[in-house]
Every structure is written in C-alpha cells, then in structure tokens.
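The values are calculated or read from the model by the stated rules, or taken from the named source; none is laboratory data. No experiment lies behind these values; they were computed from the predicted model shown. Please note: Cβ atoms are built from the backbone with ideal geometry, for glycine as well, and neighbour counts cover all protein chains shown. Side chains are part of the model used for accessible areas, which takes the heavy atoms of the whole protein and leaves out ligands, DNA and RNA. Shrake-Rupley method; radii C 1.70, N 1.55, O 1.52, S 1.80 Å.
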Amino acid sequence: DIRGGKLQDIYNDYQKIVADANAESRALNKKASEAAAQKHFKTSHELKAKANKVQQAAFDKMNNIVRKNADNVLAAYLQTAGSELEPLKQIYSLLSEKAKETAPGKLLEARIADLEKVGIAATAPDFTLTTPEGKQVSLYSVKGKLKIIDFWASWCGPCRMENPNMVKLYNDFKDKGLAIVSVSLDERKVPWVQAIKKDGMPWTHVSSLKGWKCEVVKQYNIDAVPSIIVLDENIRILAKNIRAEKLRAFVTEYLK
C-alpha cells in the first residue's frame, strides 16, 4: 500500500514531474505543429528539440526517484505504466528481491514480458481487421520483403503531416518489395475513409473503429500515434518508431 506518509509524498512528487513534463512538452509540440503548418520548419524543429529535452529531464528526475526507492514497493509501482522496454528492464534490475516479490513487482515483470513479445527481433503477432470496403485482412496475408505497420488516425495532426513522406516512400519502393499496412485508431468510418482518399495512400488500410480500445493497439503496446513498426519478410520486428528521413534511410538500405 502506498497511501499516507512518506511514500505518498514521493509518489505525489513523481506524478507531478510526469504531469508537468507532459503539459509542457504537449504545449511545445502543439506550437511546433503550428509552426510547421506555416512552413516555419526551423522554428518547428527547435520547438520539438525543446520538448524532447523537457521529457529527458523529467525521465532523469523520475529515474533518480526510483533509484532512491529501489528497496520498496513504490519503485515497481511507479513503473508499471511505462511503455519503453529497456528503461523498464533497467528499473527491474535495480529492484531488491523483496520489491520484485510484491504485487507491483510482479506487475512490472509481466509488463516487461508483454513488451518483449513485440520487441526488436520478436515475431510480430498476427491480427485480422476490417478494410474500408468491409473485407477482413490479416497482417500475415499482406506479402512484402519489408513490411511497415503504420498506426495512425485521421484526427492525428503529426500523422497527417507524415503521410506525404509515407506516400513518396511507398511509391519509390513498392516495386522493390515494400508493403504497408495502416491501422487506424479512428472511431468513425467517414473521416477515416476521407483521410485515406485526401492523403492519397494506395496501400492496405484496416481498422476496428474502436480507437484506443482496439485489441491490436493493446497487443502491440501502442501508446501514441503515429507509431511505426518495420518487419522483414519472416514477420520479424526489425525497427520501431523510426520516421521521415530515418525510415527512408532504413528502407533504402534494406531494399537496395
């Protein structure tokens, strides 16, 4: 139990760091998107870099709190909501045996196991979702030497800004074996279909139209869009969350 006393104070401090960093970086990213929309790309880049620094400073403070509390339940409890595999494994290794045996310690262990199922070098789990035309399509049925799973939504500004890059990438490499499966987090069909058409995305599109409640979103531990997962022809995960120039460089190198 973490209610009351010193542990509660530490937990409150931790939550405040998270809340403040999220609010500040959200505001900076919003300004960055607005600057990019006005073609002020240098300003946009600087604002994004600033947002990343805010998050990094927060992570450092959070990890410091966890290190100081490696012997109690709190350290494990604080980390169970995290979604980055390596930091979680690092935190778990810092916990004492006593803390590992607590309920939060076991939760953290289970969280790591879940993330490892969709980590680099893991075989991507299959899924079946519906196309805009109402057809059921599975991930494994889409063939390609290199396959990108693209989690996005019509309402996601950064996704829509990224789409022209994806279209160009697909057109440049589809004949060399690139396939894309876009999984939409939309909840309404009309905006989803309109966005596909408007952004001119001529590849496989699927959705459950359940937004964040989509089972595939949970299965792949997606907690933000856009999110990209790159697979080889054996459905092994090669890379995650590389975008724009980095994604193009990766695809170019792999399919040359």
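Taken over region 165-254, the convex hull of the Cα atoms encloses 100 Å³ per residue. Here the extension length gained between ASP114 and LYS143 equals 7.9 nm, from 0.36 nm per residue of separation less the Cα-Cα distance.
Hey, how many Å between the Cα centroid of region 139-179 and the Cα centroid of region 203-218? If we compute the Cα centre of each part, the gap is 15 Å. Both numbers refer to the Cα atoms of region 95-217; Rg and Dmax are 17.6, 56 Å. Among residues other than LEU178 whose Cβ falls under 10 Å from its Cβ, what is the net charge (Lys/Arg +1, Asp/Glu -1)? Residues near LEU178 contribute +2 overall.
Here the calculated FRET efficiency for ASN241 and SER96, from their Cβ-Cβ distance with R0 = 41 Å, stands at 0.80, rounded to the nearest 0.05.
Using the Cβ-Cβ distance between GLU133 and LYS256 with R0 = 45 Å, the FRET efficiency computed as 1/(1 + (r/R0)^6) comes to roughly 0.85. Given the options ASP172, ASP232, ASP150, state which has the largest fluctuation in a GNM of the chain using a 10 Å cut-off (strictly under) for Cα springs. Greatest mean-square fluctuation among the candidates belongs to ASP172. Here the chain has 53 percent of its accessible surface on carbon and sulfur atoms, given a 1.4 Å probe and all protein chains in place. For the chain, the fraction of alpha-carbon pairs lying more than 34 Å apart is 26 percent, rounded to a whole number.
Pairs from the list LYS30/LYS210; LYS145/LYS240; LYS98/LYS218 with a Cα-Cα gap above 28 Å: LYS98/LYS218.
Indicate, rounded to the nearest 5 percent, the antiparallel portion of the DSSP beta bridges found entirely in the chain. List each step's numbers first, then the result.
Numbers: 14 of 25 bridges.
Counting DSSP beta bridges with both partners in the chain, the antiparallel share is about 55 percent.
Accessible surface calculations at 1.4 Å, restricted to protein heavy atoms, place the chain at 56 Å² per residue. Listed values for region 237-242 are Karplus-derived 3J(HN,Hα) couplings in whole Hz (6.51 cos²θ - 1.76 cosθ + 1.60, θ = phi - 60°), namely 6, 9, 7, 9, 6, 9, and x replaces Gly and Pro. Charged neighbours of HIS40, selected by a Cβ distance under 15 Å, balance to +4 (K, R count +1; D, E count -1). Measuring between their Cα centroids, region 235-256 and region 103-121 lie 25 Å from each other. Within the chain, the cysteines lacking any other cysteine Cβ closer than 4.7 Å to their own Cβ are CYS214.
Hey, could you grab the Kirkwood Rh for region 7-58? Inverse mean 1/r over distinct alpha carbon pairs, Å, one decimal. Don't skip to the end; give the middle numbers.
Details: mean 1/r = 0.0856 Å⁻¹.
Evaluated on region 7-58, it is 11.7 Å.
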